[in-house]
Structures are given as structure tokens and as C-alpha cells.
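Participant: Here's a structure for you.
No lab work stands behind these numbers, since they all come straight from the coordinates. Every value quoted in this text rests on a predicted model; they were computed, and no experiment measured them. Glycine gets a Cβ as well: all are built from the backbone with ideal geometry, and neighbour counts include every protein chain shown.
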Amino acid sequence: MQFIAIKIGIIILNCIYFFIKLFPIQKNKITFISRQANEVSLDFKMIIKELKNRQPNVKTVILCKRLESGLTNQIKYLFHMFRQMYHIATSRVVLLDSYCIPVCVLKQKKGLTVIQIWHALGSLKKFGYSTLDKKDGRSSKLSKAMKMHCNYNYILTSSKTSKVFFQEAFNAKSEQMKVMNLPRVDFLKSKEEAQKVKERFYEIYPETKNNKKNILYCPTQHSGKKVPIEEIVKQIPFEQYNLIIKLHNGTEIIYVDNKKIEKNKNFTGMEFLHIGDYIVTDYSAIVYEAVITKKPIYFYAYDYETYMNDRGTYIDYKKEMPGPICENFEEIINYIKRDIYDKEKEEKFCLKYVENLDENATEKLVNFIQTFLGGSNNEQKI
């Protein structure tokens, strides 16, 4: 029944979209779409800034809105989709960092270029078409009905190795894949940006300006499971360290002297990578960004067997992870105290999974985007 309802819904949307497509393409218009968050991502901000500096007449539209649960929120999102449809139909380029229903299910104009930059440099945990019909994956029948990840002209990935994983996850062809880093790479390499973030961090969390090292914990989402924060806190020697936790949903929690400080969502995971002195994660793709910082990395894999059965990773986790893998947090603290980490393995991992680090990622990506701007409006075919 759900499958039939989706099919009917797509037919109705395409009928509406037929008339929306009568609006002309604006040759210098780029629409940025995300349902990862309601805020504009770092990558989007950096791309827009570079575009505006080069081409002041470029028109940018930003549509960032999470699809929340609940009937009221879903109805609101439906109206948001109509906004998406108008801006997609009148854009020369659409940039996505996540799945977008109107892009994938609707028949697009031939004059449109869709670039999927995704919201991570690479992928550690399996997703998309790699997890269909698995416990933590989506239904293959539903994914087919929703035309998951269709209509992309290009999909960015950080290396030739990651290209294989992304191609499988997006069910894409080789010619759609583009090895090209995200602007966040420039941000993570910048000492100036690191200093700015630290200054803002100490303004918001003055309690952390105590000459103690910061342990940053960034776990991925564990479906149906609670992150064992209480167990982690018990293991932290607060006379030596502060603890920063950045959850997958964006929540940030700071512990100083075993006291919990929670002040909404002030910093992104990328910004916290500049703050942390030691980085702890699990199966999160943040590992690809973390290795760029050259900081000690540790892996808290307390549910390894379950996670591998329910979801799995693209790479051999125990063989390739660029740091100690531990089942309890006490082991990680012991490694941190003794300053033990695998610097050489981190460097090799970075070279393998994040190519072209010496290049300016933002400039290179904007150069690529600009090749699709301008030109004649004769391509406005429906």
C-alpha cells in the first residue's frame, strides 16, 4: 500500500513540476540543498564565499531543512519541497550534501547539473545501496520507489579508493564519480581558522581555559542504542583532561572537573577537531577529517560485533583503522596518558583516503562548478 501511495505521489509531483519547469533557467543561479541540518554547512559557506568573490553576479539560493518525524513536520516539509522544486527548475547548478526527494524522483531539465558533494569526505560505515534490507539499512522496495540517489551528474569523493565505496553506495556509474576534496579540507589545514575557533570556544566555555588537554569524543549514530556517556565520564581523570562530546545529532556536551556543561549547538564537528587534543571516535566518517589534523586518534568499538552484523564498514576495520581499537574507555585513557598512537599509520591512512591535500580544495571545486554556469538558455528543455 505504501509503495502504491509513493508512486501516486510521485506522479502528482511530476505533473505539478511540469508547469514549474516552464519558468526559465537563470544561467548564473546555483541552489544549495541539504536536509542534514537547518543551518548552512561549512562546505556550503566556503563555496558560496569563493563564488561571490569571483563572480559577484552569481545568484545563490540556500535551502537547508531537516526532515523531522511527526505528521505536522512532514506537512511542513512538503511545502518546503515545493520551494525546492521551483529553485531546482530555475537553476543551472544544484549542489546537494544529502538525499533530496525532488531532485531524485522528478524528471529534470536537460540544462541542469546536479553535483552531490555528500556530507563527509569518505565513508567508513556502509550506507545507501550497500545496506539495503539490512537491519540498519533501508528497504530495497522503498528505495527503488523513491529513486534513491538518482539524477546526479557528479558525485564527489576524496580518493580513488573511496570512489569504489561511494559508487556502490550511490549505485552510480564510474563516469559520475569525481575525485575532489571538500572545502572543509582547507578549513582543517588552516592554523588561522584553528585559532579563531579556539578563541570563540574559550569565550563560550571559559571553564575549559584551565591548561588541561581536551579529549574529543565524536561517535556515529548507533540505531536504537544510547551512547554510554556515563561509563566514559567515569574513566576520565579530570585533574588532567577536559571531555568534549559531540553527538551525531549535533548535541555538544562539555565536562570540566566532572561537571557537565551543555549550551545547545555552538560548534560543528569540524570545528571541534581544532579544539580536541586527542580524538576518539568509532565507525564515524569523521576519521577522514581527523587524520588531516595529525592529532592522536583512538577508536572506541564497544559494540564491534553487533555493529558489523547490523551495518558493517567498507574497509577492514581492525586492519586499517589508524589508531588503537579499544572495547572499553579505560584502555583509551591509558593510551592517552602514555601518549601512544600510531602516527605513521595515520599518515598512510590519510594519503590513501584523502588525496591531493596540497591543493586548495575550495578553489578547485569552485573552478569545477563555474564550468556549468553562464552560457545560453537554449538548453531549457523539459
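Participant: Helix 42-54 versus the longest principal axis of the chain: what is the Cα-based angle in degrees, 0 to 90, to the nearest 10?
Facilitator: The answer is roughly 60 degrees.
Participant: Would you mind checking 212/265; 196/234; 163/343; 189/225 for any pair whose Cα atoms are more than 29 angstrom apart?
Facilitator: 196/234; 189/225
Participant: Separate question: So which of 209/263; 76/259; 76/147; 135/337; 125/178 end up more than 27 Å apart by C-alpha? Please report the intermediate quantities before stating the final value.
Facilitator: On the way: 209/263 16 Å; 76/259 39 Å; 76/147 22 Å; 135/337 38 Å; 125/178 20 Å.
Beyond 27 Å between Cα atoms: 76/259; 135/337.
Participant: Mind checking the dipole of the chain: about its Cα centre, +1 per Lys or Arg Cβ, -1 per Asp or Glu Cβ, Debye to the nearest 20?
Facilitator: For this selection, approximately 1840 debye.
Participant: Any chance you could give the angle, 0 to 90 degrees and rounded to 10, that helix 71-89 forms with the longest Cα principal axis of the chain?
Facilitator: Result, in degrees: 60.
Participant: In whole angstrom, how far apart do the alpha carbon centroids of the stretch 18-41 and the stretch 312-353 sit?
Facilitator: The distance from the Cα centre of the stretch 18-41 to that of the stretch 312-353 comes to 40 Å.
Participant: Per residue Cα convex hull volume for the chain, in cubic angstrom? Numbers along the way, then the final one.
Facilitator: Values: hull volume 55.0 nm³, N = 382.
Once divided by residue count, the hull of the chain is 144 Å³.
Participant: Shifting gears a bit: Taking the Cα centre of each part, how many Å lie between the stretch 50-94 and the stretch 219-265?
Facilitator: Using only Cα atoms, the two centres lie 33 Å from each other.
Participant: Using only helices, what value at 222 nm comes out for the chain when you add -39,500 (n - 2.57) per DSSP H run of length 4 or more and divide by the total residues, to the nearest 500 deg cm²/dmol?
Facilitator: Helix-only estimate at 222 nm: -12000 deg cm²/dmol.
Participant: Antiparallel versus total DSSP beta bridges in the chain: what percent is that, nearest 5?
Facilitator: If we restrict to bridges inside the chain, about 20 percent are antiparallel.
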